[in-house]
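Input: a single structure, listed below in structure tokens.
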Amino acid sequence: MEVFQQLGVALLLGLLVGLQRERAGAPLAGFRTFPLITLLGALCGLLGKSFGGWSVAAGLISLAILVLVGNLPQERQSNSEGGVTTEVAMLVMFAVGAFLTVGQPIAAVAVGAAVAVLLQFKPELHGFVRRLEDDDVRSIMQFVLIAFIVLPVLPNQGFGPFAVLNPYEIWFMVVLIVGISLVGYLIHRFVGDGAGTLTAGVLGGIISSTATTTSYSRMARKQPLQVPSAATVVMIASTIVYGRLLMEIRVVAPGFLATAAPRIGLMAAVSLAVAVAMWLQRSRLASEQLSPENPSELKPAVAFGLLYAAVLLGVAAAKSFLGQEGLFAMAAISGLTDMDAITLSTSRLVAAGQLDARLGWQMIVVATMANLCFKTALIASLGPRSLVQRVGLGFGLSFLAGALLLIFA
């Protein structure tokens with residue numbers, strides 16, 4: 001029965017890719033050929049279990065020869081691909097068929113579906129690449145450097161006081177934060193000044209809610225008519241931060257999420273309700289002033305790594321020498337300008353069993369409240385009084401929710 005399931009999945013994946021190639025007008029292989037190729041791969045994989053891996057190799061070589069022979073009679077002038085996309089897809093789908101027989105059906109289905117998607121969205125993918133500028137490509141390559149070259153070579157063990165300074169784990173946090181910010185940065189690059197209020201707020205929360213608050217406070221001072229929309233953007237960005245924090249906790253300490261999510265979620269719900277109310281009453285945003293810097297530059301990445309290490313060490317020292325009050329003071333100071341470092345460090349200590357989960361979420365809530373105070377001060381110093389009144393109400397309600405959590409939860 002398992003064999004028939006494998007052959008059936010191979011057939012369906014081949015039909016999926018074949019349908020796309022048939023619609024695209026590929027002359028070499030289409031709706032019938034691709035199912036035959038994936039079935040050939042699956043059959044070779046099944047034969048390999050009895051006769052050895054040479055069966056798969058022989059099938060792949062035979063397919064490559066057929067592809068070569070199939071291309072000889074024509075100069076492929078009418079091929080819309082203008083390359084070897086179909087030929088490569090044929091070889092990949094053969095491998096997908098073979099892969100189905102080694103006990104990895106989910107991975108095989110994912111690869112087959114990815115092939116179909118890549119083939120279908122050729123114009124969009126090419127358009128995306130054409131719109132990238134040199135700085136964007138540089139950002140992507142710098143992230144590759146940070147994530148796949150620097151990270152693997154770092155030692156994965158604790159050093160320093162309290163043995164909490166693990167170079168691998170510290171740099172992994174850098175990769176996590178840079179990756180999140182890079183996604184927002186690239187989306188912002190393509191949305192640009194055409195961002196609406198909602199989009200600007202979401203991207204601002206992904207990139208940096210503090211930078212967003214600063215930028216839109218200045219804009220509101222210059223353009224008083226834009227105060228309602230500026231307040232909405234700031235509120236949405238601050239709401240997105242809660243989702244960002246929960247995602248960070250999920251990655252670093254999945255077991256801590258069940259404890260932290262209801263508390264952080266309550267503050268997020270209050271912030272979201274205010275943001276929705278503001279959005280419903282907004283005016284149209286005339287321009288978007290946020291100009292984020294490349295988050296994958298090595299200098300800010302190293303700076304965040306040092307900040308994270310300092311917070312990690314500070315929390316460990318406060319826990320050892322100052323008690324609970326020292327931990328809350330450390331959380332408040334760290335949360336003034338950066339929520340990521342305190343959230344990640346606290347989550348890591350909770351996951352390692354070095355910090356109680358209840359104390360962990362309380363520290364994050366304290367840091368969040370301190371961050372709200374800092375952003376309110378930014379708005380008061382950079383923006384008009386009307387913006388302070390609008391955003392201050394939303395921040396105040398979120399702050400009150402955090403205070404109630406600390407008292408009663």
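Each reported figure results from applying straightforward, stated rules to the coordinates on display, with no laboratory input. Predicted model only: the values in this text are computed from it and were never measured. Cβ placement follows ideal geometry from the backbone for every residue including glycine, while neighbour counts extend to all protein chains displayed.
Here segment 133-408 is assigned +1 on the Cβ of each Lys and Arg and -1 on the Cβ of each Asp and Glu. Its dipole about the Cα centre then comes out at about 780 debye. What FRET efficiency, computed as 1/(1 + (r/R0)^6) with R0 = 22 Å and r the Cβ-Cβ distance, is obtained for ALA110 and PHE148, rounded to the nearest 0.05? Between ALA110 and PHE148 the formula returns 0.60. Taking a straight Cα-Cα cut-off under 23 Å and skipping sequence neighbours fewer than 8 places away in the same chain, the lysines within cross-link reach of LYS222 are LYS375. Per-residue Cβ neighbour counts within 10 Å put LEU46, LEU225, LEU19 in the sequence LEU225, LEU19, LEU46, beginning with the fewest.
How would you classify segment 133-408 from its alpha-carbon gyration tensor, with a ≥ b ≥ c the square roots of the eigenvalues: rounded for a/c under 1.5, else prolate if a/b is greater than b/c, otherwise oblate? Here segment 133-408 falls in the oblate category. Extension gain for ALA303 to TRP54 (0.36 nm times residue separation, less C-alpha to C-alpha distance): 84.4 nm. Taking a sphere under 14 Å around the Cβ of ILE140 and counting the other residues whose Cβ falls inside, with K and R at +1 and D and E at -1, yields a net charge of -2. Taken along the Cα-to-beta-carbon direction at a fixed 7 Å, the label points for ILE407 and GLU124 span 5.0 nm. Among ILE236, ILE140, ILE61, the largest mean-square fluctuation in a Gaussian network model of the chain, built with springs joining Cα atoms closer than 10 Å, belongs to ILE61.
Annotation: lysines with alpha-carbon distance below 19 angstrom to LYS299 (same-chain offsets under eight excluded): none found.
What is the local net charge at ALA409, summed over the other residues whose Cβ is closer than 12 Å to its Cβ (Lys, Arg +1; Asp, Glu -1)?
Cβ neighbours under 12 Å give a net charge of +2.
A cut-off of 5 Å between modelled amide H atoms, ignoring neighbours fewer than 5 places along the same chain, links LEU165 with PHE159. Taking packing as the residue-averaged number of other Cβ atoms within 10 angstrom, the listed peptides 141-151, 32-42, 304-314 run from highest to lowest as 32-42, 304-314, 141-151. Between CYS373 and ALA317, what FRET efficiency comes out of the Förster formula 1/(1 + (r/R0)^6) with R0 = 25 Å and r the beta carbon distance, rounded to 0.05? About 0.55, to the nearest 0.05. For the chain, modelled as a GNM whose springs connect Cα atoms under 10 angstrom apart, the maximal fluctuation among GLY48, GLY158, GLY205 occurs at GLY48.
Taking every full run of DSSP H in the chain, the ones that stretch at least 30 Å from end to end by Cα along their long axis and average -0.5 or higher on the Kyte-Doolittle scale are 2-24, 167-191, 227-252, 254-280, 357-382, 385-408.
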